[in-house]
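*Asks:* Got a structure for you, questions after.
The values are calculated or read from the model by the stated rules, or taken from the named source; none is laboratory data. Keep in mind that this is a model prediction, so the values were computed, not measured. Quick reminder, even Gly has a Cβ in these numbers, built from the backbone with ideal geometry, and neighbours come from all protein chains shown. Only protein heavy atoms, including side chains, enter the accessible area calculation; ligands, DNA and RNA are left aside. Shrake-Rupley method; radii C 1.70, N 1.55, O 1.52, S 1.80 Å.
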Amino acid sequence: MGRIYLLDVTNRDGVQTARLGLSKLAKTMINIYLNEMGVFQSEFGFPTTRHESHYLRANLKLAEMGVLQPIRLEGWLRATVEDVETAYRLVPNIKHLNLSISTSKQMIVGKFKGAKSEQDILTMAIEALDVARSHGAETVGINAEDASRTDIDFLLRFASAGKEHGADRFRYCDTLGYDNPFTIYETCKLLAEEVGIPIELHCHSDLGMAVANSVAGAMGIIDGGQDAYINTTINGIGERAGNADLVAVILALKKSKGLAPKYKFDTPIKLNRAWKICKYASYAFGVPIPINQPGVGVNVFAHASGIHADGVLKDPQNYELYDFKELGRGEPETVETGREICSGQYGGTAGFGHIMGKMEVEFKDKGEAERILELVRYANVLAQKPLVEDELKFIAKYPDIAKELMTIAPLE
Ligand SMILES: [Zn+2]
C-alpha cells in the first residue's frame with residue numbers, strides 16, 4: 001500500500017506570491033518548524049536565484065549539523081540544462097531537486113509561441129534530469145506544469161520518459177486549480193498504474209478545491225499502487241488564490257469520513273505544531289489568519305448560538321470534529337499591553353540585554369553579546385519588523401549560520 005508524504009512549498013510558491021515575501025531568516029524558521037512538525041520535505045527555495053544562494057547553503061549546513069533533520073531540503077528550478085548547471089555552481093551541495101517545465105498545449109502555444117514542440121519539451125526535461133544526476137543529485141522530481149490541462153497521452157509519455165531516466169517522482173501540477181476531486185482522482189490513478197512512479201500533487205485553489213483535490217488525487221495515486229506526495233503551503237499562501245493549506249490537508253486525511261485507515265502518512269505528523277507554525281507564518285508574511293480557517297482560525301472552536309453552545313458544553317463532539325488541543329491550541333498567550341522593548345535595526349545594548357534576559361539567554365562575555373546584537377540588527381533590516389523569540393534564540397545559538405544566511409550582496 002502506498003503512503004502519503006507532505007512536501008511543503010511555502011518557501012517557494014508562498015514567497016513567489018504577489019505582494020508577499022519572507023526574509024531569509026523567516027524562511028529558515030519555516031524549515032525548522034516544518035521539520036519539527038514531521039513534514040517530509042521542504043521546497044526551500046530557488047537555487048538559480050542569486051539572492052537565495054547564501055540562505056540555501058546555510059540551510060544545507062543546518063542539515064549537515066543535524067538541526068534540519070530528517071526533513072529533506074529540495075530546490076525548484078526550470079528543467080533546462082543551463083539552470084541545473086547554474087544551480088550546482090551557486091549551491092554545490094544541493095541534494096534534492098524538482099525540475100519544472102510546461103506540458104499543456106495552452107502553454108506550449110501560448111507561452112513558447114510555437115518555438116517548442118512536445119518532443120522538445122521531452123528532450124529538455126530529460127537532458128536536465130540527466131545533468132542533475134551527473135552532478136550527484138540524490139533525488140530528482142520532474143514537474144509537469146499545467147498537467148491538468150495537458151493531453152493525457154503526452155502526460156503519460158512525459159512521466160514515463162522521466163521514470164526511464166531515473167526521476168524519483170513525477171509532479172502533477174494543477175497549476176490553475178482546474179481539476180475537481182473526481183477528475184484528479186481518475187487522472188492520478190491512471191498515471192500511477194500506467195507509469196508506476198511515485199506522484200506529487202501540486203494543487204491550487206482558484207476554484208476553492210486545492211485541499212479536496214490534493215486528498216482525492218492522493219487517494220487515486222494510492223489506489224493506483226504508488227506513494228503520494230502532497231504539496232502544501234502554510235495557511236494556503238501561494239500564487240493567486242493559493243495552494244493546498246498544510247493543516248487542512250492533514251486534518252482532512254486524519255478526520256474525514258473513512259480516510260484514515262486506508263490513506264496513511266509515512267511517518268507521524270505532529271499536528272500539535274499547527275498553531276505555532278500557522279501563527280508564525282501569518283506574522284512573517286504579514287497576512288492575518290482568516291477567522292474561519294480550518295484548525296487555526298479564531299472561530300473554529302467558538303460557539304455563540306444557543307443550541308450549539310448548549311450542545312458543545314454537554315459534549316464537545318456534538319459540534320466539534322476535532323479538539324483544539326490536537327492543534328496545539330489552548331495555551332494562554334501573553335501579549336504586552338503596556339511598555340514593550342522590541343528588537344530593531346537601530347537597537348542598542350540596553351534594550352537587547354533586556355529582551356534576551358527575559359528569554360533567559362545568557363552570553364559568555366560582552367563581545368559575544370555585541371556580536372549577536374549586530375546580527376539581530378541586520379535581521380531586522382531584512383525583516384522590517386520586530387523579531388520573534390524563536391528568531392532571536394536561533395541567532396544567539398547559530399550566529400555563524402545566521403550571518404551566512406542573511407548575507408545578501410548584489411553582484412556588480
Ligand atoms: Zn504553484
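*Asks:* Solvent-accessible area per residue for the chain at a 1.4 Å probe radius, Å²?
*Replies:* Working: 18780 Å² over 412 residues.
Per-residue accessible area for the chain comes out at 46 Å².
*Asks:* Let me ask something else. List the residues, sorted by chain then number, that are 5 or more residues from residue 176 or on another chain and whose placed amide H is less than 5 Å from its amide H.
*Replies:* none
*Asks:* Can I ask one more? With a ≥ b ≥ c taken as the square roots of the eigenvalues of the C-alpha gyration tensor of the range 253-332, please select rounded if a/c is under 1.5 and otherwise prolate if a/b is larger than b/c or oblate if it is not?
*Replies:* Judged from the Cα gyration tensor, the range 253-332 comes out oblate (a/c at least 1.5, b/c at or above a/b).
*Asks:* Follow-up question, since we're still on this one. Rounded, prolate or oblate, given the Cα gyration tensor of the chain, with a/c below 1.5 counting as rounded?
*Replies:* oblate
*Asks:* Tell me what the chain gives for mean residue ellipticity at 222 nm when only DSSP H runs of n ≥ 4 count, each as -39,500 (n - 2.57), the sum divided by the residue total, rounded to 500 deg cm²/dmol.
*Replies:* The helix contribution divided over the chain gives -13000 deg cm²/dmol.
*Asks:* Turning to a different aspect of this structure: Tell me which residues come under 5 Å, amide H to amide H, from residue 171 once H is placed; ignore anything under 5 positions away on its chain.
*Replies:* For residue 171, the qualifying residues are 142, 143, 144, 200.
*Asks:* To continue, here is another question. In terms of modelled amide H atoms, which long-range or inter-chain residues lie less than 5 Å from the amide H of residue 320?
*Replies:* Result for residue 320 returns nothing.
*Asks:* How high is the relative contact order of the chain, in percent, counting Cα pairs under 8 Å that sit 6 or more residues apart?
*Replies:* Answer for the chain is 17 percent.
*Asks:* State the percentage of accessible surface on the range 60-219 attributable to carbon and sulfur atoms; use a 1.4 Å probe and exclude ligands, DNA and RNA.
*Replies:* 53
*Asks:* Hey, another quick one. Of all beta bridges DSSP finds with both residues in the chain, what is the antiparallel percent, to the nearest 5?
*Replies:* Working: 1 of 38 bridges.
Approximately 5 percent, going by the DSSP bridge assignments.
*Asks:* If you build the Cα gyration tensor of the range 105-154 and take the root of 5 times each eigenvalue, what three semi-axes come out, in whole angstrom, biggest first?
*Replies:* For the range 105-154, the semi-axes come out at 24, 13, 8 Å.
*Asks:* A further question on this structure: Summing +1 for each Lys or Arg and -1 for each Asp or Glu, what net charge is found among the other residues whose Cβ lies under 12 Å from the Cβ of residue 183?
*Replies:* Around residue 183, the charge tally is -1.
*Asks:* OK, next. Indicate the gyration tensor shape class of the range 48-94 (rounded, prolate or oblate), computed on the Cα atoms with a ≥ b ≥ c the square roots of the eigenvalues: a/c under 1.5 is rounded; otherwise a/b larger than b/c is prolate and the rest oblate.
*Replies:* Here the range 48-94 falls in the prolate category.
*Asks:* How charged is the neighbourhood of residue 34? Take every other residue with its Cβ under 13 Å from the Cβ of residue 34, and add Lys/Arg as +1 and Asp/Glu as -1.
*Replies:* Numbers: positive: 12, 27, 72, 270, 273, 276; negative: 8, 36, 43, 74.
That works out to +2.
*Asks:* Rounded to the nearest 20 Debye, what is the dipole magnitude of the chain about its Cα centre when Lys and Arg each give +1 and Asp and Glu each give -1 at the C-beta? Let's see the in-between values first.
*Replies:* Values: 46 positive and 54 negative charges, 100 e Å.
Value, rounded to 20: 480 debye.
*Asks:* Which one of 224, 274, 286 is farthest out on the positive end of the charge dipole of the range 224-296, using unit charges on Cβ (Lys, Arg +1; Asp, Glu -1) and the Cα centre as origin?
*Replies:* 274
*Asks:* Based on Cβ point charges of +1 for Lys and Arg and -1 for Asp and Glu, what charge dipole magnitude is obtained for the range 237-287 about its Cα centre, in debye rounded to the nearest 20?
*Replies:* Computed about the Cα centre, the dipole is about 280 debye.
*Asks:* With a sphere of radius 14 Å drawn around the Cβ of residue 377, what net charge do the other residues whose Cβ falls strictly inside it have (Lys, Arg +1; Asp, Glu -1)?
*Replies:* Values: positive: 371, 385, 403; negative: 370, 374, 391.
Net local charge, residue 377 excluded: 0.
*Asks:* Which whole-number percent of Cα pairs in the range 340-401 have a distance greater than 18 Å?
*Replies:* 20
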